[in-house]
Each structure stands twice: as structure tokens, then as C-alpha cells.
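Notes follow the structure.
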Amino acid sequence: MLRTPAAVQDAERHTAHNYHPLPVVISSAEGAWVTDVDGRRYLDCLAGYSALNFGHRHPALIAAAHAQLDRLTLTSRAFIHDQFADFCRELAALCGKELVLPMNTGAEAVETGIKVARKWGYQVKGVPAGQANIVVAEGNFHGRTTTIVSFSTDEDARADFGPYTPGFRVVPYGDLAALAEAVDEHTVAVLLEPIQGEQGVVVPPTDYLPGVRQLCTERNVLFIADEIQSGLGRTGATFACEQEGVVPDMYLLGKALGGGIVPVSAVAADADVLGVLKPGQHGSTFGGNPLACAVATEVVRLLATGEFQRRSAELGERLHAGLRALIGKGLVAVRGRGLWAGLDIDPALMTGRAACERLMERGVLAKDTHGSTIRLAPPLTITAEEIDHAVEQLAAVLAG
């Protein structure tokens, strides 16, 4: 007798229905593959929304976690622990920044970036108290706190969670003219995803990020890059911004930084930005804890080799070539960069949810978004043969 149906029902019975997961119950995993409670294996082409860039249970990351579990797991920031300095120093070097502020979740990193930008605006730029504004883009996804959903344009994420936090201006993504018009003397930051993940892996025009950088420099505004999904090797470079030759004033990092083991996020910037924070003004009990730092330091060291960025770039070409060949055969568009792709399925054929359900039946896990779009973000440890397998299964689904 299969265990999955009862396990799915049991989970649904005792949880708030804020997610609509596929009916698969995973019990173990290794590399790019997961196994359910009935022993069926699936190729994971979502990788925890990029939280599993290094695959499930990467040996170096598991070893770092085990070693730290035997020594020390938490101190709070009331004290300094022996893993903290290495993590902050090595992550700062990877980012080319002077300082790092460790947190836990991506949403915490975004909230931290917003607070730092406002404080910088008041203390450094000289914006009058309470007048700071931050410009963001339509289609954004930066998290789900009440402040962040206040500037979301996704009604599912935003509706019925008001009253909303003021101080944000929303402009079309990729539109430099609209951005320039929205920025005024009270603007403290422009907050953008270099590639919009939740929106369907939307890549902006090639001149967009360089134009944002130039505008922010000219107007004395911080450019904050939310690289929580796009960063740490996902697009074929350490950061998506660097593929356009752009260096933001602040990086927001998360997901893959925790190696798929613990939640780790961070804000990286120079001292003239992050230095505005003083003791007692911002913090997190678990932020920068020893276990998180031990794992995340190993993540930074894996990235420092450049191996995973190269794999993403090279295997990404293979993935996108295979997907583009399906345009006109059930796909109407393919977007993305590196091992990250958004696929628009012909809505007359099926929904994105239906496509993911049929892929699951064929042993491949993916996630839908916005109706007829699905996203692929396999671990950077995936092989060429596994990529070909995933594309073959998608082709079979589209062919009916």
C-alpha cells in the first residue's frame, strides 16, 4: 500500500493552507535527487527556490554542520563566537564589500536593507525625518513581511494584509525613464532583483542595470540588489549583477548561503553604508549563530573556487538550448540565465500547475507561477545527462 496519500492528508489536516504543494512526500535526498516515502526518486529541478544550489546534503556542507553541532550551536550576538569572524571576512571578500550583517531569512535581509537605507538617508544624505522613499519595481518579490508586501504588485501576496507601510514608489521593471522620474531628493534607495524570479525568471534589458547604477550614482541614491535567488552561482556568475558589469551599493543574500541546511541571510555593503547602525538599533537572536556561520563559511569557500559558477554557465547553455527547441511545441517563451529558467506554456495546452503535476508523474519536480509559467532551478551539481533527462520529460508532457 502506498504511504503518500495518507501522508499528504495528514499534513493538510494539521497545517494552515498557505502553500499548495505538489502531492509528493519527500523522505531523503542526495545531490539532485530526492526520494519519497514510497521509495520513488525524483529529479529536483526547483532546488528549494535556489536554497539548494549545492544540491542536497553536499558532503563538505554536511561535514561542516556535523563538526559544529558537536561544539557549539548558539550564543546570540551578546557574545562573539569563533566562527563569526571567518564568515564575515570571507563573505565580505566574496562580495567585494567591507562589512557584512548576518541575519536568518531572506525577508530579514530585505527588511535590514530597508532600515539601513532609510537610516543612511537621514544621517548621511540629509533627507528630512520621516520623508525617505525607496523605489521598487512592478512584479517584485522580496519577501512576505507586512512592510514588504506593502509594495508588492501581486494581489495574492498583498490583499487583506493592510494597512500598508508607506514610503515606497513602484515603477515598471526594466523602464529606466520611469525610474528616473520616480527618484527625487528624498529617495534613499532603489531596490531591485537583477532578475525577477517569482515573476517568472524575467531578465531585464541589457542596458537596465548599468543605467540603474549610473542613475543612483548621479542622484546620490543607494542601489540595493536583492540577489537572494539570483546570487551565489545561480546565473553563471557569483552575482547576476556582475554579468552586466554592475556593482550595487548593497547586496541582499540568503537561500543558498545556508547550504540547504540552515537559514542564513546577510547584507553586504561598505562601512559608509552599514556603518550607520549602532549597537541596539538592529539585531536578531539567531543571526550569525555558530552553526549558521560554520555552514555558510563553507558555502563561501565553495563559491570562491569558481567551480559552481562555471557549471551553471556551461550547463545553463545546454538547458536553455534544449528548452528553446520546445518553443512552438508547447512552449511560447523561454527566459533566464545560467541554471535558471522561466517557461511560458501555451495556455491553450495546460496550466503551469498541470504541467508540474505531469512532470512529477514522470519523476521531475518543478514549480509553477502566475498561471501558465513554470520555473526550473536545478542544483548546480546537476549533470548534463540529468539536464537532458529533465528536458526530455518536459517534451513528453507537452506532447501529451
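Looking across the range 297-348, the residues that are touching an Asp or Glu at 6+ places or on another chain (Cβ under 9 Å) and closer than 21 Å to D86 by Cβ come down to T297, V300, R301, A304. Considering only residues in the range 1-32 that are touching a helix residue (DSSP H, G or I) at 6+ places or on another chain (Cβ under 6 Å) and farther than 15 Å from G48 by Cβ, the one that is surrounded by the most Cβ atoms within 10 Å (Cβ to Cβ) turns out to be V25. Select from the range 337-371 the residues that are surrounded by fewer than 23 Cβ atoms within 10 Å (Cβ to Cβ) and touching a Pro at 6+ places or on another chain (Cβ under 9 Å) and list them in ascending order. Passing the criteria: E357, M360, G371.
Restricting attention to the range 370-400 and to residues that are out of contact with any Ser or Thr (no Cβ under 7 Å at 6 or more places or on another chain) and modelled with pLDDT under 95, the residue that is nearest to Y42 (Cα to Cα) turns out to be G400. The residues on offer are H81, H142, and the sole one that is within 25 Å of T187 (Cα to Cα) and assigned to a loop (DSSP other than H, G, I, E, B) is H142.
Mind checking whether some residue in the range 265-275 is touching a Pro at 6+ places or on another chain (Cβ under 8 Å) and closer than 30 Å to D44 by Cβ?
From the range 265-275, those touching a Pro at 6+ places or on another chain (Cβ under 8 Å) are 265-266; that's our starting set.
Filter again for closer than 30 Å to D44 by Cβ, leaving 265-266.
Yes.
If you go through the range 368-389 and keep only what is under 18 Å from L326 (Cα atoms) and within 22 Å of the chain's Cα centre (by Cα), you end up with D368, S372, T373, I374, R375, L376, A377, I387. Only one entry in L52, L91 is in contact with a Lys or Arg (Cβ under 9 Å, 6 or more places away or on another chain), crowded, with 22+ Cβ neighbours inside 10 Å and part of a helix (DSSP H, G or I), namely L91.
When you scan the range 344-358, do you find a residue that is under 24 Å from the mean Cα position of the chain (by Cα) and without any contact (Cβ under 8 Å) to a residue 12 or more places away in the chain, even just one? Looking for residues that are under 24 Å from the mean Cα position of the chain (by Cα) and without any contact (Cβ under 8 Å) to a residue 12 or more places away in the chain, one finds none in the range 344-358, hence no.
The values are calculated or read from the model by the stated rules, or taken from the named source; none is laboratory data. Since the model is a prediction, treat every value here as computed from it, not as a measurement. Here Cβ is always computed from backbone atoms with ideal geometry, including for glycine, and neighbour counts include all displayed protein chains.
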